[in-house]
Amino acid sequence: MPVNQVNAKECDVLVIGGGMAGCWAALRASDFSKKVVLVDKGKVSRSGMSPFCGGFILCPDPQDDMDVWHKEIAAMGEYVNDQDWVRTLLQDLPGIMEQMNSWGPVFERDSRGNYRRFKGRGHDSTRIVIFDSRFTLETMRRKLEEKGVEIHDRTMIVDLLTADGVHPTSGKISGALALNTRTAETTVYKARSVIISSGGSGFGDDLSGLSGDGVGMAFRAGVEVTGMEFSRWWANWTFNKIYRVGHVNQWQALNWRLYNSKNERFMLKDFPELKERGREQDLTSSIGKEYVEGHGPVYADFRHVDPEGFKWARSNPAMAHIVSVLDRVGIKLETERVRYDQCPGFIFFQGSGIRNNIYTETNLSGLYAAGQAGGYPTHGTYSVGGVNIATCVVSGYRAGEYAAKLARENAEPVINQDQVSSLRNLALKPLRRKTGTRPNTLRERMGEYMSVATRAFYRDDAHLKENLAEVENWREILGEIRAEDPHDLIKANSVKNFILCWELAFLASLKRTETRGACLRTDYPYTDNSEWLKRIVAKTAGKKVDMSIVPVPIYRYPAKPANMGKIPFPFDMPVIK
């Protein structure tokens, strides 16, 4: 294998990550530059979360009152959203969706030709529409190729390069260092501007390939990261402990009902307003409580759903696969309840990531962030369904434009060869070791540790400190990680980012002394709007992490909480032992 081979590539704009945000970034950048390169550690149009995103996107209509939509998104995001971003999202999204719609039958429509909009997770006034994400990404890849964008599949960016050759830097980003996922050969990308759109972290989910790589490389380079306490350490669920359940918005749209082992429909009591259409954190806090208190397992019930509902479920691209799988194995949702359990060892970051502004700029010159890697600033904690992919579309579009315009003005970037050599040796070191722990073994240990309900669902001071101690154990093992082949090498470099993201999540959760979003603090069982309408911003400080607190400028935002004091959690949280 050509491990010793080092390639060099120059471009104006380097886009890292080929999901919806990355494709839009590269496509828009190509309107302003002929030297755009898009890299992805899988295959563009097939990798990341976008092909599996559930196929739903926030769908405003010209007849809707955007002030009402803005307020609902802010309220569901518990008012720590960047409301400048919320306004930008609602302004830009319809036009971009129309451009997408010109490519073919992208969005689901009713018999009259109108968007078939519906309510899903957390929606009251807002609505979402289903679209064919796979078709859309395949179309975007063709359009990228037509416009001359260079696509480098199976290329993992392991670290950013800086003009001064220092990590962390206060200077400019000048490119990135990459590994080929099949040969381990390295490539140095020299770029006038760089966009990170590599998604978030989906620990335990090899399908999506999300491992926090963008957040990890940015943080090491000196970029500010925010909202890590709002990461969800449970993320996804299974039917009958085997069949993974995604696309919760659609199951909610079917009007499912959840029951505990005592046949109690507990969401009626815990969240009486939205019930089973609650936000992700609402569902999980309630379900987690049932398990911790011994009232599990929990069951999902669809027996009341009319035939038209199931006909829709079997026809839309997001749900048809899982329903057909359940049909084949003899699980009939029309006639029986199905067990609903946590997906073991899975972590997901929403509302968490690289801090950016409405121009997608980070605190480092030449570096932009879009999509989930950019922290979904529109979400706040985790607002309504469909905001995810909508933010990917809008932030990717904006990042491509602003990064390309900056590239036209930037001087030729400087590559520090000493930094290249140092980072390359570090990335390849696991492949050169003859002994040590393999990446999957470490990942399994991390997954087992975080699969315990009292760690995955609820948090308190003592357990968070235990988690941080465990991080040190993981990092010690990481220091001797061994890769047998290039595939193993990619996992070794990814697990380093997993560990960093988890550490930042634990530290930020410890810092936030209240309950908000997925940060469910049993020792602070209330939302404190008097003290905690704030964002926690993390930045590297050598071997330590600097955690600063930045107030949300609620005074100038149109949406404000009615209660500016302490709001008790809707139910008594379980005691963690």
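Structural remarks
- Computing FRET efficiency as 1/(1 + (r/R0)^6) for Asp327 and Thr441, where r is the C-beta to C-beta distance and R0 is 35 Å, gives about 0.45.
- HN-Hα J in Hz across region 518-530 - Karplus 6.51, -1.76, 1.60, θ = phi - 60°, x for Gly and Pro: 7, 7, 8, 8, 5, 8, 9, x, 7, 8, 10, 6, 6
- Peptides ranked, highest mean first, by Cβ atoms within 10 Å: ranges 188-199, 393-404, 300-311, 482-493: 188-199, 393-404, 482-493, 300-311
- Site pair Asn101 and Thr513 shows an inter-label distance of 5.1 nm when each label is modelled 7 Å from Cα along Cα→Cβ.
- Using every pair of distinct Cα positions in the chain, the Kirkwood expression returns a hydrodynamic radius of 23.9 angstrom.
- Contour minus Cα-Cα distance for Glu484 and Asp61 (0.36 nm per residue): 147.0 nm
- On Cα atoms only, tilt of 20-29 relative to the major axis of the chain in degrees: 40
- Region 109-132 residues near the modelled Val68 label - backbone nitrogen below 11 Å, point 7 Å along Cα→Cβ: 124-127
- With R₀ fixed at 35 Å, the C-beta to C-beta distance from Lys434 to Ala411 puts the FRET efficiency at about 0.20.
- Between the beta carbons of Ser548 and Arg475, assuming R0 = 30 Å, the FRET efficiency works out to 0.80 to the nearest 0.05.
- In the chain, helical runs assigned H by DSSP with n ≥ 4 each contribute -39500 (n - 2.57); averaged across all residues and rounded to the nearest 500, the mean residue ellipticity at 222 nm is -11000 deg cm²/dmol.
- Gain on full stretching of the segment that runs from Arg134 to Asp84 - 0.36 nm per residue minus C-alpha separation: 15.0 nm
- Pair Glu273, Ala562: separation of 7 Å Cα→Cβ label points (nm): 0.7
- Amide H contacts of Phe107: none lie under 5 Å away among residues 5 or more positions distant or on a separate chain (H built 1.01 Å from N in the peptide plane; Pro and chain starts excluded).
- Among 439-448, 10-19, 456-465, 545-554, sorting by the average number of other beta carbon atoms lying within 10 angstrom of each residue, highest first, gives 10-19, 456-465, 439-448, 545-554.
- Here the peptides 75-82, 367-374 are ranked by packing, the mean other Cβ count within 10 Å, and the order with the highest first is 367-374, 75-82.
- Cα centroid separation - region 81-118 against region 158-188, whole Å: 36
- Simple label model, 7 Å out from Cα along Cβ direction - Arg142 to Ser530, nm: 6.0
- Taking Cβ atoms as reference points and 9 Å as the exclusive limit, the residues near Asp61 contribute a net charge of +1, counting Lys and Arg as +1 and Asp and Glu as -1.
- Paramagnetic reach from Ser365 (point 7 Å along Cα→Cβ, amide N under 12 Å) across region 410-435: 410-414
- Distant-in-sequence amide contacts of Thr527, defined by a placed amide H-H separation under 5 Å and a gap of 5 or more residues or a different chain, comprise Thr515, Ile567, Phe569.
- Rounded to 10°, Cα long-axis angle of helix 83-101 versus longest principal axis of the chain: 90
We did not get these values from a lab; they are worked out from the coordinates using the rules stated. If you're wondering where the values come from, they're calculated on a predicted model, not measured in any experiment. Neighbour counts run over all protein chains shown; Cβ positions are idealised from the backbone, glycine included.
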